[in-house]
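Below: the structure, in structure tokens.
The values are calculated or read from the model by the stated rules, or taken from the named source; none is laboratory data. Just so we're clear, the structure is a prediction, and the values are computed from it rather than from any experiment. Neighbour counts are summed over all protein chains in view; Cβ atoms, including those assigned to glycine, are modelled from backbone coordinates with ideal geometry.
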Amino acid sequence: MKRRQVLGLCALLALAGLLLAYLGQGADPGPQDGAQAGARAVPEVGSPGSFFSAALGQVAPQAAPAPAQAPPPAQDDALRLWPHLRQGEPSAAHQAEVQAQWSRLAQQHPDNVYLPAQYQAPLTAQQARAARARLDDTTAVATRLAAQQHAQRYASPGQEPLEPPAAPANPAQQRQYFDDKIRELESRLQLLAFYLASGQPSASKRAIAAKDMEQWNKELEALRQARAAVPAS
Amino acid sequence: MLASSWFKRAGLATAFALAAVAQAATQQDMFARPGVIGDSLSQGFFGATVEKKTQDWAYPVLVSKQAGAGLSYNVLEGPYLNFEDVLKLNCGPFCIASSIIGGNGATVALPTHAGITGAEYTSVLRTSGKCADVSARKMERQWYWKTWYWFTYRWVEVADCQEPDKFHQFGLRDAGTQIEIMEKVRPSFLFGTAAANHVLCTALYTSTSCLDMDRFKRDFTETMRRVGAIGSVQGGVLFTIPNVSSIAYLEPYTDPSGRADYSGLKAFYRSSVSSPDQVLDASEVAAIGQFLGTMNADIKAQGAAMGFAVADLKVVFDDIRENGRPITGPNGTAPGLARAHWPLPNQPGLFGLDGVHPNMLGHAVFANELIQSINTRYGFAIPKVSEYSAWSYDSLNRDPVDLKNFLTNNLFGQFISWVIGIFA
């Protein structure tokens with residue numbers, strides 16, 4: 001009887017020790033369930049009081065120190081988690097090389113759409129408005145085409161494609177889309193040719209580039225043909 | 001009598017204690033060989049590319065590292081481009097060209113991390129690094145000697161293997177589909193969520209026509225069935241999908257003429273709305289909410305059935321959207337509340353410049369929520385990532401870019417086209 005009591009006492013002590021160690025790790029609350037979250041009454045997107053109820057830029061910024069002024073966190077752990085930090089910030093030499101590349105490209109292809117703003121004439125207010133309108137038109141068409149492709153992504157063999165809608169697309173908008181796409185593809189081909197000529201790409205990059213350029217040239221031709229078919233009004 | 005019952009209670013307590021010790025000891029076993037299936041969130045897509053640094057900061061990699069484990073993956077060098085690096089003039093013509101065409105850095109024969117940008121449960125089952133759809137078939141003529149004097153053909157059904165997108169080509173190479181890879185890897189722990197792209201299309205296309213609940217249910221169930229059949233999986237984690245209608249890509253818009261179907265949520269870069277197709281109106285937002293509700297209920301049910309941890313990121317993200325995410329550093333330093341948006345000056349943010357995917361800080365937050373759910377479910381003690389460190393070292397938070405200042409940039413339209421097109 002006494003032995004049993006001793007054994008039981010030891011087991012209890014072991015349990016107590018384990019429980020103390022377990023609790024010492026900190027009990028994390030489980031994820032909130034729907035009922036708890038609902039009780040917080042998250043407003044619908046766009047409704048007053050939600051983040052998106054304010055226009056961007058009108059949300060009062062929190063008074064926060066810039067990262068450079070905040071105390072630096074432990075580096076060892078950061079380098080373990082994010083190894084790219086070992087590379088540090090881009091050097092002045094690297095940035096000078098980047099600028100030199102842009103200068104050479106700008107000399108060869110002054111209308112290339114990939115050129116940064118500093119290599120292009122600054123936009124007037126009217127040009128900026130036109131650029132925004134162009135962005136609206138081009139992305140509207142791109143979105144429509146992507147949605148169409150998505151809808152037919154898993155079509156079974158022999159399944160007929162979607163019929164074009166009764167009301168055709170806006171010719172002006174479609175023409176703008178083709179003009180932008182053609183200009184971007186031409187710029188992309190120029191960029192790649194520039195890279196292949198003086199960027200010293202690896203053999204594998206050259207192989208991928210050759211295949212891509214062949215495909216892009218076909219795409220360019222198809223776009224030009226479709227562009228030519230857009231009605232005048 | 002009293003001593004006897006006292007001994008029984010002590011014995012039960014000891015058994016409980018031993019069981020607790022045994023359970024705590026198996027974190028190492030469970031993370032002996034983690035595996036990942038997933039999408040752009042798991043791969044580290046960052047507007048608009050995948051590259052080594054973004055793959056390294058993706059949530060499954062962080063969680064695995066914190067659990068004392070590791071993942072192997074094919075390192076990508078594109079396709080497309082890192083818009084932050086381009087706008088900050090850190091990526092010039094050679095860098096952009098190289099990134100647009102894409103390719104691989106280091107490669108592995110059998111990646112344990114098979115998550116791929118643009119994937120969903122359908123492509124987890126059907127898209128490999130070689131074929132867009134491994135189940136696709138076509139008819140082909142096969143010539144043969146029908147008799148000793150008659151050479152003719154017959155129609156035979158053969159695989160229709162068409163080249164997949166570059167993310168799959170470079171991410172999976174010749175290892176198979178995501179689920180086939182997991183069947184070969186035989187993971188002990190699985191990061192198993194690839195649900196987001198079943199619903200993200202609604203935000204990118206501002207349309208609900210892409211929603212397909214039958215396909216989601218069918219392919220999610222089949223994926224989890226095959227995961228269960230692997231036999232090696234001891235545990236895993238799934239997460240619910242946040243409300244995609246509240247991501248930074250969309251912002252409220254009210255039609256000046258008061259038309260209900262021209263008002264709602266539009267893409268952040270649009271200056272106006274000229275068609276109902278360009279907004280998600282109130283009824284569409286409600287439909288998305290309903291779809292998400294059903295999808296997330298399925299995720300929770302499946303997770304519970306498989307004994308997985310389930311992180312309720314829908315609730316977490318709603319909280320961040322409403323209240324922000326506190327970032328607290330050493331000695332109580334408080335940089336502020338991180339918002340569900342790309343960073344702005346003096347305003348930490350969790351998103352990258354596409355308004356869809358997390359930045360380095362966002363992934364740290366993501367990882368910590370998963371760690372919390374895993375620890376709770378399995379009684380583990382995986383340490384969390386320092387969100388303060390992630391904020392401090394994140395180049396986008398350190399040096400924010402207000403994308404709204406670049407909307408007239410020639411390249412911006414193409415950047416958006418790539419983001420939209422990835423999910424087409």
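Might you let me know whether segment B:359-367 holds any residue that is closer than 24 Å to B:Phe406 by Cα and either free of Cβ contacts under 8 Å to residues at least 12 places away in the same chain or within 10 Å of another protein chain (Cβ to nearest Cβ) (or both)?
yes
Among the residues of segment B:212-234, is there at least one that is of a type in the set (Gly, Ala, Ser) and either buried (at least 24 other Cβ atoms within 10 Å of the Cβ) or facing chain A (nearest Cβ under 9 Å) (or both)?
Going residue by residue through segment B:212-234, those that are of a type in the set (Gly, Ala, Ser) are B:228-229, B:231-232.
Restricting the remaining residues to those that are either buried (at least 24 other Cβ atoms within 10 Å of the Cβ) or facing chain A (nearest Cβ under 9 Å) (or both) gives none.
Looking for residues that are of a type in the set (Gly, Ala, Ser) and either buried (at least 24 other Cβ atoms within 10 Å of the Cβ) or facing chain A (nearest Cβ under 9 Å) (or both), one finds none in segment B:212-234, hence no.
Among residues of segment B:94-112 that are touching a residue at least 12 places away in the same chain (Cβ under 8 Å), those with a Cβ under 6 angstrom from a residue that is crowded, with 20+ Cβ neighbours inside 10 Å and small (Gly, Ala, Ser), sequence gap 6+ or separate chain, pair up as B:Ser99/B:Gly78; B:Ile101/A:Ala209; B:Gly102/B:Gly78; B:Leu110/B:Ala175; B:Thr112/B:Gly35.
Listed here are the residues, each with its yes/no results for (1) at the interface with chain B (Cβ under 8 Å from one of its Cβ atoms); (2) surrounded by fewer than 19 Cβ atoms within 10 Å (Cβ to Cβ); (3) of a type outside the set (S, T, N, Q).
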{"site": "A:Val113", "(1), (2), (3)": "yes, no, yes"}
{"site": "A:Leu123", "(1), (2), (3)": "yes, yes, yes"}
{"site": "A:Gln126", "(1), (2), (3)": "no, yes, no"}
{"site": "A:Ala130", "(1), (2), (3)": "no, yes, yes"}
{"site": "A:Leu135", "(1), (2), (3)": "yes, no, yes"}
{"site": "A:Ala142", "(1), (2), (3)": "yes, no, yes"}
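For segment B:370-386, filtered to residues that are surrounded by fewer than 23 Cβ atoms within 10 Å (Cβ to Cβ) and more than 7 Å from chain A (Cβ to nearest Cβ), the residue that is nearest to the chain's Cα centre (by Cα) is B:Lys384. A residue that is surrounded by 20 or more Cβ atoms within 10 Å (Cβ to Cβ) and in contact with a Cys (Cβ under 7 Å, 6 or more places away or on another chain) can be found somewhere in segment B:157-175.
Here is a check on your reading of the model: is A:Gln148 part of a helix (DSSP H, G or I), modelled with pLDDT under 90, surrounded by 12 or more Cβ atoms within 10 Å (Cβ to Cβ) and not β-branched (Val, Ile, Thr)? The answer is yes for A:Gln148.
Quick check on my filter: what residues within segment B:359-390 are among the aromatic types (Phe, Trp, Tyr) and either assigned to a loop (DSSP other than H, G, I, E, B) or on the phi > 0 side of the Ramachandran plot (or both)? So that I can check it myself, show each step before the final result.
Initial filter on segment B:359-390 (among the aromatic types (Phe, Trp, Tyr)): B:366, B:378, B:380, B:388.
Within segment B:359-390, B:Phe380 is the sole residue that qualifies.
For segment B:298-326, what are the residues that are more than 25 Å from B:Phe191 (Cβ to Cβ) and among the β-branched types (Val, Ile, Thr)?
Going residue by residue through segment B:298-326, those that are more than 25 Å from B:Phe191 (Cβ to Cβ) are B:322-324, B:326.
Result: no residue meets the conditions.
Got a sec? Which of B:Ala301, B:Ala309, B:Ala286 is touching a strand residue (DSSP E or B) at 6+ places or on another chain (Cβ under 8 Å) and of a type in the set (A, V, I, L, M)?
Numbers: B:Ala301 fails: touching a strand residue (DSSP E or B) at 6+ places or on another chain (Cβ under 8 Å); B:Ala286 fails: touching a strand residue (DSSP E or B) at 6+ places or on another chain (Cβ under 8 Å).
Step by step, each of B:Ala301, B:Ala309, B:Ala286 is checked, and only B:Ala309 is touching a strand residue (DSSP E or B) at 6+ places or on another chain (Cβ under 8 Å) and of a type in the set (A, V, I, L, M).
Scan segment B:334-351 for residues that are in contact with a helix residue (DSSP H, G or I) (Cβ under 7 Å, 6 or more places away or on another chain) and either at the interface with chain A (Cβ under 9 Å from one of its Cβ atoms) or in a loop (DSSP other than H, G, I, E, B) (or both) and jot them down. Matches in segment B:334-351: B:Pro335, B:Arg339, B:Ala340, B:Trp342, B:Pro343, B:Pro348, B:Leu350. Could you grab me the full set of residues in segment B:391-424 that are facing chain A (nearest Cβ under 8 Å), of a type in the set (Gly, Ala, Ser) and not in a loop (DSSP other than H, G, I, E, B)? Those that are facing chain A (nearest Cβ under 8 Å), of a type in the set (Gly, Ala, Ser) and not in a loop (DSSP other than H, G, I, E, B): B:Ser392, B:Gly413, B:Ser417, B:Gly421. Is it the case that some residue within segment B:250-259 is under 30 Å from B:Gly78 (Cα atoms) and either away from chain A (no Cβ under 14 Å) or not hydroxyl-bearing (Ser, Thr, Tyr) (or both)? Yes, segment B:250-259 has at least one match. Just to verify a result, which residue in segment A:179-198, among those that are buried (at least 19 other Cβ atoms within 10 Å of the Cβ) and more than 23 Å from the chain's Cα centre (by Cα), is nearest to the other protein chains (Cβ to nearest Cβ)? Out of the qualifying residues, it is A:Tyr195.
Could you please find all residues in segment A:174-192 being over 20 Å from A:Leu145 (Cα atoms) and either without any contact (Cβ under 8 Å) to a residue 60 or more places away in the chain or among the basic types (Lys, Arg) (or both)?
Within segment A:174-192, the subset over 20 Å from A:Leu145 (Cα atoms) is A:186-192.
Within segment A:174-192, A:Glu186, A:Arg188, A:Leu189, A:Leu192 qualify.
Considering every residue within segment A:150-171, establish whether at least one is of a type in the set (S, T, N, Q), over 28 Å from B:Phe268 (Cβ atoms) and more than 8 Å from chain B (Cβ to nearest Cβ). Within segment A:150-171 (the criterion being of a type in the set (S, T, N, Q), over 28 Å from B:Phe268 (Cβ atoms) and more than 8 Å from chain B (Cβ to nearest Cβ)), the answer is yes, since at least one residue qualifies.
Among the residues of segment B:286-302, not a single one is among the polar types (S, T, N, Q), modelled with pLDDT under 95 and part of a helix (DSSP H, G or I).
For every residue, the table says whether it meets (1) more than 12 Å from chain A (Cβ to nearest Cβ); (2) more than 16 Å from the chain's Cα centre (by Cα); (3) not in a loop (DSSP other than H, G, I, E, B).
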{"site": "B:Cys95", "(1), (2), (3)": "no, yes, yes"}
{"site": "B:Ile100", "(1), (2), (3)": "no, yes, yes"}
{"site": "B:Ile116", "(1), (2), (3)": "yes, no, no"}
{"site": "B:Ser123", "(1), (2), (3)": "no, no, yes"}
{"site": "B:Lys130", "(1), (2), (3)": "yes, yes, no"}
{"site": "B:Val134", "(1), (2), (3)": "yes, yes, no"}
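Being at the interface with another protein chain (Cβ under 9 Å from one of its Cβ atoms) and closer than 17 Å to A:Ala147 by Cα is the filter; apply it to segment B:266-284 and report the residue that is nearest to the chain's Cα centre (by Cα). Residue satisfying both the conditions and the ranking: B:Ala267. Given the conditions (1) assigned to a helix (DSSP H, G or I); (2) touching a residue at least 40 places away in the same chain (Cβ under 8 Å); (3) in contact with a helix residue (DSSP H, G or I) (Cβ under 6 Å, 6 or more places away or on another chain), and given that A:Tyr195 satisfies all but one, which numbered condition is not satisfied? Unmet condition: (2). Of the listed requirements (1) buried (at least 22 other Cβ atoms within 10 Å of the Cβ); (2) over 23 Å from the mean Cα position of the chain (by Cα); (3) at pLDDT 90 or above, B:Asp394 misses just one: (2).
Considering only segment B:183-223, state which residues are within 30 Å of B:Thr26 (Cα to Cα) and not in a loop (DSSP other than H, G, I, E, B). Answer for segment B:183-223, where residues must be within 30 Å of B:Thr26 (Cα to Cα) and not in a loop (DSSP other than H, G, I, E, B): B:Glu183, B:Lys184, B:Val185, B:Phe189, B:Leu190, B:Phe191, B:Phe220, B:Thr221, B:Glu222, B:Thr223.
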